[in-house]
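J.: One structure is given below, represented as structure tokens, and several questions about it will come after.
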Amino acid sequence: MKGYVENTMFFEEPALKAGNEQFEITIVPGWGSNLISFIEKKSNQELLRVPQSADEYKEKPVLYGTPLLFPPNRISGGTFIFNNHSYQFDVNERDKNNHIHGFVMTRKWEVIKAEASDNKAVIETEFNSLKHEDVLRQFPHPFIIRMTYVLDENRLQKSATIINNSNDPFPWGFGFHTSFLFPEEVCSFSLTAQKRWTLNDRFLPTGDLTEIPYIEQLTSGMSLQDMLLDDVFLSSAKEGGRNEAVLLNEETGIEIAYSADGNFKNWVVYNDNGKQGFVCPEPYTWVTNAPNLNLPREITGLQVLEPGEKKVLKTEISFSYKTK
């Protein structure tokens, strides 16, 4: 079956549907270019947590599909200083006095490419900060982010290109808040983690990295049933190792490997209270509150983009059946 791309609607929101012989995906440009649905055709299995209505999505958009975070997670007070410039982001987590999850997650993106051939489909979307005054007010650097989704055989490649169109260097971080369906009673989870960040009561890193008590189980595959997670892990990719989370459904044999390139030095794992049937493995290029941590950039993941420079970040979701 050849790849295909077509216009559709998702709860009255314009969307793009793309597929090949094995998968079908749906992307909603108006919802932050969210890849909101990812269906494996053979099993007719939805892989992502999908809202049941537009209202449900809008109540907590970060917990559905694959939200894009620029920058990811929290910044204390929404403020930091870089190159003698003081930044002030909106405080949108008021109970903890933090800014959380950046500027692009819920704003409208534009479609710049949608094409298909053979068993492949490609969709490209773009966010241009010059078209969003409220973004420039907080982050006064013209920038562009281009997302490219490539559905090819049994894998989905997601790449982000970040472009600095300003006259000044700027600090940046990027991440995904991907929400996979994960029935805890029949699933196992593994992550290539090395250390765990200690967090304070505002979910901000203290700067301390500690050993993971269950690291052997985490790296080989463990149950998350009744295990509450909102933890930040330093990836073993820092030492040149693999950089991935793997979800295995022991009942169906479905295995999902979510891999990221070496730019993604940290992962957050969130599963609410461990009883909601989903897990969010979140690859981040920088750790929570990175600009305010007095640590080397190679640890925090904070990167700087020079004027006219661009950076390409790559992730991949691959699918297989594991023999039971």
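A short reminder: the numbers here are calculations on the coordinates, not readings from a lab. Bear in mind that the values here come from a model prediction, so they are computed numbers and not experimental data. Note that each Cβ is placed from the backbone with ideal geometry, even for glycine, and that neighbours are counted across all protein chains shown.
J.: Note the direction-averaged projected area, equal to a quarter of the hull surface, for the Cα convex hull of the chain, in nm².
T.: Convex hull of Cα atoms, orientation-averaged projection: 16.1 nm².
J.: Taking the mean number of other Cβ atoms within 10 Å as a proxy for protection, how do you rank 86-94, 163-171 from highest to lowest? Present the calculation step by step, with values, prior to reporting the outcome.
T.: Working: 86-94: 13.6, 163-171: 16.8.
Per-residue mean Cβ counts within 10 Å order the peptides as 163-171, 86-94.
J.: A further question follows. In the Gaussian network model of the chain, springs joining C-alpha atoms below 10 Å, which of ILE123, ILE36, ILE299 carries the largest mean-square fluctuation?
T.: Comparing ILE123, ILE36, ILE299 in a Gaussian network model of the chain, the most mobile one is ILE299.
J.: Then there is this: Summing +1 for each Lys or Arg and -1 for each Asp or Glu, what net charge is found among the other residues whose Cβ lies under 11 Å from the Cβ of PHE103? Mind showing how you got there, number by number?
T.: Details: positive: ARG107, ARG137; negative: ASP90, ASP134.
My count for the surroundings of PHE103 gives 0.
J.: With charges only on Cβ, +1 for K and R and -1 for D and E, what is the dipole size of the chain about its Cα centre, in debye, rounded to 20? Walk me through the numbers on the way to the answer.
T.: Working: 32 positive and 44 negative charges, 116 e Å.
Taking the Cα centre of the chain as origin, the dipole is about 560 debye.
J.: Defining a contact as two alpha carbons under 8 Å apart and six or more residues distant in sequence, what relative contact order in percent does the chain show? Write out the running numbers ahead of the final one.
T.: Details: 854 pairs, mean separation 55.8, N = 324.
Relative contact order for the chain comes out at 17 percent.
J.: Let me ask something else about it. Along the stretch 129-136, what does the Karplus equation 6.51 cos²θ - 1.76 cosθ + 1.60 (θ = phi - 60°) give for ³J(HN,Hα), rounded to whole Hz, x for Gly and Pro?
T.: With coefficients 6.51, -1.76 and 1.60, one gets 5, 5, 8, 9, 4, 5, 6, 4 Hz.
J.: To make sure I understand the rule: partners must be lysines, Cα under 20 Å from the Cα of LYS275, and not fewer than 8 residues away in the same chain. Which ones qualify?
T.: Excluding near neighbours in sequence, the set is LYS60.
J.: For the chain, build the charge dipole from Cβ charges (+1 Lys, Arg; -1 Asp, Glu) around the Cα centre, then report which of VAL287, GLY65, LEU224 sits farthest towards its positive end.
T.: VAL287
J.: Could I ask something else about it? Which order do peptides 265-278, 209-222 fall in by mean Cβ count within 10 Å, highest first? Don't skip to the end; give the middle numbers.
T.: On the way: 265-278: 18.9, 209-222: 13.5.
The peptides rank, most packed first, as 265-278, 209-222.
J.: Along the stretch 46-55, what does the Karplus equation 6.51 cos²θ - 1.76 cosθ + 1.60 (θ = phi - 60°) give for ³J(HN,Hα), rounded to whole Hz, x for Gly and Pro?
T.: Each residue's phi maps through the Karplus curve to give 6, 9, 10, 7, 10, x, 8, 7, 5, 5 Hz.
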